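Scroll down for the structure; my scribbles are underneath it.
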Amino acid sequence: MALSWRSWLANEGSKHLFLFFWLSLNVWFFGKTFLLYNQGLQYYYLHQMLGLGLCVSRASASVLNLNCCLVLLPMCRVLLAFLRGSQKVASKKTRRLLDKSKTFHVTCGVTICIFSVIHVAAHLVNALNFSVNYNEEFVTLNAANYRGEDPRKLLFATVPGLTGVIMVLVLFLMCTASTYAIRVSNYDIFWYTHNLFFVFYMLLMLHVSGGVLKYQTNLEEHPPGCFNPNKTLRQNLTVPKAFEELFPDYTTEPFPEDLPVPEPFVQNSFMRACSEEPKFQSHFPETWLWISGPLCLYCVERLYRYIRSNKPVTITSVISHPSNVLEVRMMKDDFEARPGQYVILHCPRVSALESHPFTLTMCPTDTKATFGVHLKVVGDWTERFRDLLLLHSNQDTEILPIFQQRRYPKLYVDGPFGSPFEESLNYEVSLCVAGGIGVTPFASVLNTLLDGWKCYKLRRLYFIWVCRDIESFRWFADLLCTLHNKLWQENRPDYINIQLYLSQTDGIQKIIGEKYQALNSRLLIGRPRWKLLFDDIAKCNRRKTIGVFCCGPNKISKILHKLSNSSNSYGTRFEYNKESFS
């Protein structure tokens, strides 16, 4: 399969170029700081004591500052939703970069883990060198109290050491709980440990306030390696032969004030005479400057989200669908959302702290204020939530008026937030592929088209839905049939191409119901032949750019991603977009 470089650049090239730029930036930061501490005169005496451990620890710290600063920005969901929906970011390619916010967050997290290991290893060497190379000439420069002090005291009995050890433990918990296996098997562990980031940042602020590493402040009065005629600062100091012949007892006698120093000795830059003792000062904690801005931004956003979601929504109906799917319809004052966005649900009776994101399947419009979500009942949280909603109901699909509704538990909605599927209406041609419950983001798009499609750029929609059992299609069968009939009445039957695939079956099956005949004619047994499907779409849409949107299993996603990057003989370009379940 030939690779189209133009398609690769549109789908993967921008991400790879950005990751390359990010890697280069981190390496540049590391190298620049390494050279600063290795060659900087203000760190001469500290470098003599610690060696390369100083350079590596400070260089890795600079990279950690950068990544700890930026790792929070992709989690500012309100900011990302604003940028995506505003006219500030008019370029589609730039908006698609916002879809990589999770990838950027993970990249920063991995970088923090890697350079934390380097930083810790360097400081272990530093702790040993502080003890072994204790220098009585520079008492203020030493972190140890005496020569041969146990390095473990520096690690567990000082503020920088103790906070560093605790941060390593917190980071280890966060990293291990972020692995795919734990997120899928027990999401609660991931959620609770990831919220330890606040503890991590508080410890980080304390960690840098210790001032263990110091630099020299009086370089003019005391150049590194200079000679003090009144006092020998270093036992292994090399004295010029001419000076030694004139003053053989310079180590014990004061330098005669009336006798000039030989001119060649004064001109030697390495052996300049110094006028005072070296003075050392701790660095200003630069980490505060790096992380204070993003941390304050994140905290302000969380406060805004808390105020915005503080009022519970009004649940208008709860519908139980086949295959363990629950639909919740609700209302909230001044709630606005765009098709493809998602919200975060929080039910205190289910969990006091835990909340989960769900894609909107119905958005409020000018004529109706109702919005809704479909959720698959898998896991403890959704099971408890379903039991609370359907506790007193024997008729699960009953929809009651607001003044007659049952006493549902309090439910809080945070959002909406942006997702890649907002762009599905901004292409002239879009291909939407759903796997099972992954149909939810496309349901809001279909509902929006049902209210009116002429105001959008979209002129043809290919909708592919793959399910394991026939009953799953009933989740949105009414919506699909209604939209199909509406487009036929408006003489635009080619606007949407619906293909339903039943991947597992023992024989020919149909969606039961006379009104579903339009869908039964589009129901196919087996899995889609993706290569033929892409070729057919490319042939029918020559020299056009087609948006490919996928929400489903990774296996399908990888196939579509590969096909989007492949070339074709029709000049058609596919731009790939994806939302993952985890």
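The values are calculated or read from the model by the stated rules, or taken from the named source; none is laboratory data. This structure is a prediction, so every number in the text was calculated from the model and none was measured. Ideal geometry is used to build each Cβ from the backbone, glycine not excepted, and the neighbour counts take in all protein chains shown. Protein only, heavy atoms only, side chains kept; ligands, DNA and RNA dropped before computing areas. Shrake-Rupley method; radii C 1.70, N 1.55, O 1.52, S 1.80 Å.
If N145 satisfies every condition in (1) assigned to a helix (DSSP H, G or I); (2) without any contact (Cβ under 8 Å) to a residue 12 or more places away in the chain but one, which is the exception?
Single failed check for N145: (1).
Consider only pairs whose beta carbons are under 8 Å apart and that are at least six residues apart or on different chains; among these, list those whose first residue lies in region 347-362 and is within 21 Å of I189 (Cβ to Cβ) and touching a residue at least 60 places away in the same chain (Cβ under 8 Å) and whose second residue is among the aliphatic types (A, V, I, L, M) and open to solvent by 30 Å² or more (accessible area, probe 1.4 Å).
Note: pairs meeting the criteria are C347/L388.
Kindly state which helices (runs of 4 or more DSSP H) lie completely within region 512-582 and contain at least 2 residues that are of a type in the set (A, V, I, L, M), in contact (Cβ under 8 Å) with a residue 60 or more places away in the chain and open to solvent by less than 70 Å² (accessible area, probe 1.4 Å).
Ranges flagged: 530-540, 554-565.
Residues in region 83-91: is at least one of a type in the set (K, R), farther than 26 Å from S178 by Cα, in a helix (DSSP H, G or I) and in contact with a Ser or Thr (Cβ under 7 Å, 6 or more places away or on another chain)?
No, region 83-91 contains no residue that is of a type in the set (K, R), farther than 26 Å from S178 by Cα, in a helix (DSSP H, G or I) and in contact with a Ser or Thr (Cβ under 7 Å, 6 or more places away or on another chain).
For G51, are the conditions met, namely being open to solvent by 30 Å² or more (accessible area, probe 1.4 Å) and at pLDDT below 90?
For G51, the condition - open to solvent by 30 Å² or more (accessible area, probe 1.4 Å) and at pLDDT below 90 - is not met.
For region 547-577, enumerate the residues that are aliphatic (A, V, I, L, M) and under 21 Å from T440 (Cα atoms).
Correct list: V548, I556, I559, L560.
Name the single residue that is modelled with the highest pLDDT among those in region 493-511 being open to solvent by 50 Å² or more (accessible area, probe 1.4 Å) and touching a Lys or Arg at 6+ places or on another chain (Cβ under 9 Å).
N497
Just give me the residues in region 356-381 being hydroxyl-bearing (S, T, Y) and buried (at least 18 other Cβ atoms within 10 Å of the Cβ), in sequence order.
Those that are hydroxyl-bearing (S, T, Y) and buried (at least 18 other Cβ atoms within 10 Å of the Cβ): T359, T361.
Can you pull out the residues in region 448-473 that are open to solvent by less than 10 Å² (accessible area, probe 1.4 Å), without any contact (Cβ under 8 Å) to a residue 40 or more places away in the chain and within 15 Å of G547 (Cβ to Cβ)?
Residues satisfying the conditions are L458, L461, F463.
Could you tell me whether any residue of region 287-297 is closer than 21 Å to V71 by Cα, part of a helix (DSSP H, G or I), at pLDDT 85 or above and touching a strand residue (DSSP E or B) at 6+ places or on another chain (Cβ under 8 Å)?
Scanning region 287-297, I find no residue that is closer than 21 Å to V71 by Cα, part of a helix (DSSP H, G or I), at pLDDT 85 or above and touching a strand residue (DSSP E or B) at 6+ places or on another chain (Cβ under 8 Å), so the answer is no.
Is region 433-440 home to any residue that is in a helix (DSSP H, G or I), among the β-branched types (V, I, T) and either open to solvent by 20 Å² or more (accessible area, probe 1.4 Å) or over 24 Å from D99 (Cβ atoms) (or both)?
Scanning region 433-440, I find at least one residue that is in a helix (DSSP H, G or I), among the β-branched types (V, I, T) and either open to solvent by 20 Å² or more (accessible area, probe 1.4 Å) or over 24 Å from D99 (Cβ atoms) (or both), so the answer is yes.
Considering only region 168-183, state which residues are open to solvent by less than 30 Å² (accessible area, probe 1.4 Å) and closer than 26 Å to N554 by Cα.
Passing the criteria: M174, A177.
Under 9 Å by Cβ, and 6 or more places apart or on different chains, what pairs join a residue from region 494-508 that is under 15 Å from C540 (Cα atoms) and assigned by the TED database to the domain that holds L461 with one that is open to solvent by 20 Å² or more (accessible area, probe 1.4 Å) and modelled with pLDDT of 85 or more?
Listed by first residue and then by second, the contacts come to D494/R460; Y495/R459; Y495/R460; I496/R460; I496/H484; N497/R460.
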